[in-house]
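A short write-up of the structure that comes next.
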Amino acid sequence: MAYARIPVDLTNATGDELAGYPVALPVGDGKDEVNLLGAQARGIRVCNAAGVELLFDLRDANGVRLEDGPVPAGSTLTVPLTAPASGTQLLFVYFDNPDTYLVPDYLPGQAEAANGGFESGTGNLPAGWRFDAVDDQHLLTWTDERPHGGKRCVKATAAAGAPATWVTAGQRGLAVLPNRRYRLTVWVRGQDVAGKVGGYTHVATTDEPLKLNTVQSAGEGTFDWRQLTVDFTTPPDAVSLDHGTVLYGTGTAWFDDCRLECLDGAAAVTAQVGPLERLDLSTREGDKAYLQAEGHTWECRAPAVFVNVGNALTRVLMGVSVQRLRPLFQRGFNPKSLRVVDPATKQVLPHLLLGARLLFVADVPGRCRKTFQLCFSRDSQIPAGKTLTFQELVGNPGNLAKNPSFESGGAQPADWVPMAEQQPEPTARMERIEGGRIGSHCARLTVAPDAPQHWTGWSQTVQVEPNADYLFQAYARTEGITDGNVRLHAHLLEGEGSNPKKQFWSAGPDLTGTTDWTLLGGALRTSPETKKVTLYPTMNARGTVYHDGVVFMRAETAALGEVEEQEAANPSPSLRVWTEDPLVKVFHDTPPPATPNRARKQAAPVALFAARNEEECLQLCLRSTQATRVRLLVDAPQRNGAKLPAPRVEQVGYVPVLQPSNFSLSDAQPWARRVSNAPSMTDGWLGWWPDSDLLIRVGSILGPFAHFRFESASV
């Protein structure tokens with residue numbers, strides 16, 4: 001397997017600073033063309049040299065946006081340029097990643113006007129254009145009525161006596177440069193026109209969306225094709241342009257062959273496209289057989305895939321979220337049956353389940369796509385497997401926290417800096433004492449009930465790698481905590497020097513009052529600029545807290561794939577049908593019940609309960625392991641001559657949820673991808689979720705809903 005990228009070096013020769021300026025790059029195999037020919041559009045991403053993902057736009061030769069499928073010749077990739085005058089910016093165009101979803105949003109605006117001849121489009125809309133102010137008396141159509149050139153043009157009609165309004169076909173957000181002369185040309189013909197008919201330009205600045213407003217009319221009455229020219233100069237702070245055709249009044253007009261050009265010199269931005277770069281990875285899937293051991297068979301599994309682009313990793317801590325498996329353990333699967341299998345060695349690896357995060361230690365070869373299997377079963381007789389203890393993580397050589405269980409030191413633990421020393425009059429008692437959760441000692445912090453409140457505790461700073469995942473956890477227990485809570489905190493330090501920029505991180509669960517030993521913390525990810533992380537087992541509260549067993553170690557993250565089921569476990573036909581409670585979300589990979597209703601056979605009866613004038617819903621699930629045409633017939637129930645109204649049948653599709661749900665803020669520029677770094681605040685997971693749009697996939701669930709209305713008749 002090979003991942004690919006193409007470096008693109010952009011030079012700003014405009015004489016002005018550019019920020020997010022759209023630059024059009026031709027797609028092809030020629031000089032300074034981006035060779036994405038045949039690549040899957042959904043797999044394309046654009047990043048700057050720091051690894052920040054940027055928005056982009058991708059359109060075919062007719063100006064139609066490409067979201068999926070192979071990229072054809074003649075396409076254009078638009079990317080944002082941010083560079084000072086005469087400066088450069090290096091961007092990377094990534095592709096050939098099989099695990100990508102469709103991107104949720106694209107770069108707004110266009111680098112240049114496209115489809116000016118209105119030759120391409122779908123339905124009644126030419127590609128790259130939008131119709132405004134259309135109603136019963138004001139119409140815009142994409143037509144073939146005697147165009148000026150080519151086969152298509154745009155027709156505007158305002159009925160006699162209709163109120164005057166701006167009936168426009170336009171393009172928005174085109175990139176322009178400040179203090180430049182531009183020219184818009186458009187061909188117009190008219191019939192019984194009364195009012196204005198021609199072209200318009202709107203130039204926006206950072207503060208005013210309509211800084212420059214120009215409308216040029218081609219005349220009134222009836223006339224054949226004539227060319228209209230609109231010349232204008234952009235203001236010093238211009239950022240974008242809207243342009244198009246306009247009819248203000250009554251009559252009929254046709255428009256064709258729009259063209260926008262800059263009259264001031266050569267290309268303002270140049271692009272130098274570098275050679276293709278590939279990252280070749282071996283695929284390590286190993287034995288594909290389902291787990292069998294100790295007289296038991298594990299009929300379900302989910303792949304946990306880790307992509308290692310570096311050197312071989314030995315005894316590395318791997319983490320994977322098993323949130324998507326938790327509902328299955330409430331649907332008849334045995335939670336004790338969970339096993340982690342390395343298919344390459346056929347070994348069952350000890351694991352530690354901390355909430356919804358499963359941890360295990362494994363070896364990963366260099367430059368490979370490594371697959372582990374998380375196996376589970378409905379067999380209630382399978383006992384719990386071997387676990388990885390938290391104490392093993394504390395003593396792991398990869399734990400970057402020094403003296404993690406406070407075993408070294410005297411009255412104060414070694415390697416930990418008391419924050420009380422930073423206060424003019426220490427108001428807390430900080431000490432290393434005997435007893436603890438992990439070893440023979442722990443740290444104790446006591447703040448008196450009448451003491452002034454401030455942050456108190458210990459700290460330790462460790463070196464880290466940028467763009468890396470780390471596990472930060474520790475045990476804590478409390479006595480009489482008031483006026484606050486106990487959590488784990490960290491500062492991610494960006495840059496060098498005595499006053500680096502700080503990013504704050506915190507994780508619970510929150511502890512108040514008196515509690516037993518509780519594991520705090522979670523996973524954090526460093527930014528491209530992070531150099532160090534300061535660990536804070538601290539609090540801003542009153543009472544006593546004990547800390548023990550601090551773990552801060554690099555934790556590689558594997559992505560959990562969809563659940564797979566052994567065919568022998570359900571020897572039913574390729575199409576399986578069953579019902580679910582409408583409140584239950586059914587996913588692509590939800591395993592059917594152990595004995596689902598067999599297709600083409602008598603189905604088990606379904607009972608719905610509702611009072612009169614209520615509506616009740618039946619969720620019917622269909623899963624097929626091969627492409628299948630399904631015809632669904634639903635008859636309204638009837639009895640003793642009474643019959644319910646015909647049910648409403650809807651199909652449930654799936655949409656990708658690509659980021660964790662939480663309240664988060666982003667200071668990213670408008671041309672950068674908005675990515676949430678906040679932890680998830682829900683019990684969900686990333687992937688495909690049920691929604692109202694239909695999407696049928698082989699091996700996945702098709703879920704129709706049938707809505708029954710119980711009216712005055714009773715059946």
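The values are calculated or read from the model by the stated rules, or taken from the named source; none is laboratory data. Being a predicted model, the structure only gives us computed values, none of them experimental. As a convention, Cβ positions derive from the backbone with ideal geometry for all residues, glycine included, and neighbour counts pool all protein chains shown. Keep in mind that these areas ignore ligands, DNA and RNA; they rest on the heavy atoms of the full protein, side chains included. Shrake-Rupley method; radii C 1.70, N 1.55, O 1.52, S 1.80 Å.
Against the list (1) in a strand (DSSP E or B); (2) more than 22 Å from ALA268 (Cβ to Cβ); (3) open to solvent by 30 Å² or more (accessible area, probe 1.4 Å), the condition LEU90 fails is (2). Within the set LEU644, LEU618, LEU608, LEU632, the sole residue that is in contact (Cβ under 8 Å) with a residue 24 or more places away in the chain and within 19 Å of HIS588 (Cα to Cα) turns out to be LEU618.
Restricting segment 423-471 to residues that are touching a Lys or Arg at 6+ places or on another chain (Cβ under 9 Å) and among the charged types (D, E, K, R) leaves a set whose member that is farthest from LEU358 (Cα to Cα) is ASP450. Scanning segment 243-268 for residues that are open to solvent by 50 Å² or more (accessible area, probe 1.4 Å), assigned to a strand (DSSP E or B) and not charged (D, E, K, R) gives TYR248, CYS262. So, ALA85, is that one under 27 Å from the mean Cα position of the chain (by Cα) and of a type outside the set (Asp, Glu) or not? The answer is no for ALA85. Residues considered: THR557, THR544. Of these, the only one that is out of contact with any Cys (no Cβ under 9 Å at 6 or more places or on another chain) and more than 21 Å from TRP416 (Cα to Cα) is THR557.
Within the bounds of segment 233-242, is there any residue that is touching a His at 6+ places or on another chain (Cβ under 8 Å), crowded, with 16+ Cβ neighbours inside 10 Å and closer than 28 Å to GLN110 by Cβ? Checking segment 233-242: at least one residue is touching a His at 6+ places or on another chain (Cβ under 8 Å), crowded, with 16+ Cβ neighbours inside 10 Å and closer than 28 Å to GLN110 by Cβ. Can you run down the residue pairs with Cβ atoms below 7 Å, 6 or more apart or on separate chains, where the first is in segment 427-448 and over 20 Å from VAL551 (Cα atoms) and without any contact (Cβ under 8 Å) to a residue 60 or more places away in the chain and the partner is open to solvent by less than 40 Å² (accessible area, probe 1.4 Å) and hydroxyl-bearing (Ser, Thr, Tyr)? Final answer for the pair search is ALA428/THR446; ALA428/THR456; ARG429/THR446. Scanning segment 354-369 for residues that are assigned to a loop (DSSP other than H, G, I, E, B), of a type outside the set (Gly, Ala, Ser) and open to solvent by less than 40 Å² (accessible area, probe 1.4 Å) gives a single hit, PRO365.
For the residues LEU524, LEU511, the requirement of being in contact with a Ser or Thr (Cβ under 6 Å, 6 or more places away or on another chain), crowded, with 19+ Cβ neighbours inside 10 Å and touching a residue at least 24 places away in the same chain (Cβ under 8 Å) singles out LEU511. Against the test of being open to solvent by 40 Å² or more (accessible area, probe 1.4 Å) and either free of Cβ contacts under 8 Å to residues at least 60 places away in the same chain or within 20 Å of GLU565 (Cβ to Cβ) (or both), the options THR314, THR283 yield a single qualifying residue, THR314.
Taking segment 628-679 on its own, how many of its residues are in contact with a strand residue (DSSP E or B) (Cβ under 8 Å, 6 or more places away or on another chain) and in a strand (DSSP E or B)? Full working, then the answer.
Quick first cut of segment 628-679, residues in contact with a strand residue (DSSP E or B) (Cβ under 8 Å, 6 or more places away or on another chain) only: 628, 630, 632, 634, 636-637, 644-645, 647-657, 669-673, 675, 677, 679.
Narrowing the set further to residues that are in a strand (DSSP E or B) leaves 648-657, 672.
Number satisfying all stated conditions: 11.
The strands (runs of 3 or more DSSP E) located wholly in segment 398-475 that include 3 or more residues which are within 25 Å of ARG315 (Cβ to Cβ) occupy 456-463. Is it the case, given these coordinates, that PRO108 is buried (at least 20 other Cβ atoms within 10 Å of the Cβ) and part of a loop (DSSP other than H, G, I, E, B)? No; evaluated as a whole, the condition is false for this residue.
Checked against the criteria, VAL447 does not count as under 35 Å from the mean Cα position of the chain (by Cα), surrounded by 19 or more Cβ atoms within 10 Å (Cβ to Cβ) and more than 30 Å from GLN566 (Cβ to Cβ). Just so you know, in segment 334-353 the residues that are outside any strand (DSSP E or B) and free of Cβ contacts under 8 Å to residues at least 60 places away in the same chain include one that is surrounded by the fewest Cβ atoms within 10 Å (Cβ to Cβ), and it is THR345.
Against the list (1) within 21 Å of VAL273 (Cβ to Cβ); (2) free of Cβ contacts under 8 Å to residues at least 24 places away in the same chain; (3) of a type outside the set (Asp, Glu), the condition VAL79 fails is (2).
If only residues of segment 604-627 that are under 32 Å from the mean Cα position of the chain (by Cα) and not in a loop (DSSP other than H, G, I, E, B) are counted, the one that is farthest from ARG576 (Cα to Cα) is CYS617. Got a number for residues in segment 118-143 being outside any strand (DSSP E or B) and open to solvent by less than 20 Å² (accessible area, probe 1.4 Å)? Adding up the residues that qualify gives 4.
Scan segment 144-172 for residues that are assigned to a loop (DSSP other than H, G, I, E, B) and among the aliphatic types (A, V, I, L, M) and the total you get is 4. Looking only at residues in segment 680-696 that are part of a loop (DSSP other than H, G, I, E, B) and surrounded by fewer than 15 Cβ atoms within 10 Å (Cβ to Cβ), the one that is modelled with the highest pLDDT is GLY684. Scanning segment 41-86 for residues that are acidic (Asp, Glu), open to solvent by 40 Å² or more (accessible area, probe 1.4 Å) and not in a strand (DSSP E or B) turns up GLU67, ASP68. Among the residues here, ASN213 does not qualify as surrounded by fewer than 16 Cβ atoms within 10 Å (Cβ to Cβ), under 41 Å from the mean Cα position of the chain (by Cα) and not in a strand (DSSP E or B). Scanning segment 295-307 for residues that are in contact (Cβ under 8 Å) with a residue 60 or more places away in the chain and open to solvent by 40 Å² or more (accessible area, probe 1.4 Å) yields THR297, VAL307. Among the residues that make up segment 201-221, is at least one of them under 28 Å from THR82 (Cα atoms) and touching a Gly at 6+ places or on another chain (Cβ under 7 Å)? No: zero hits.
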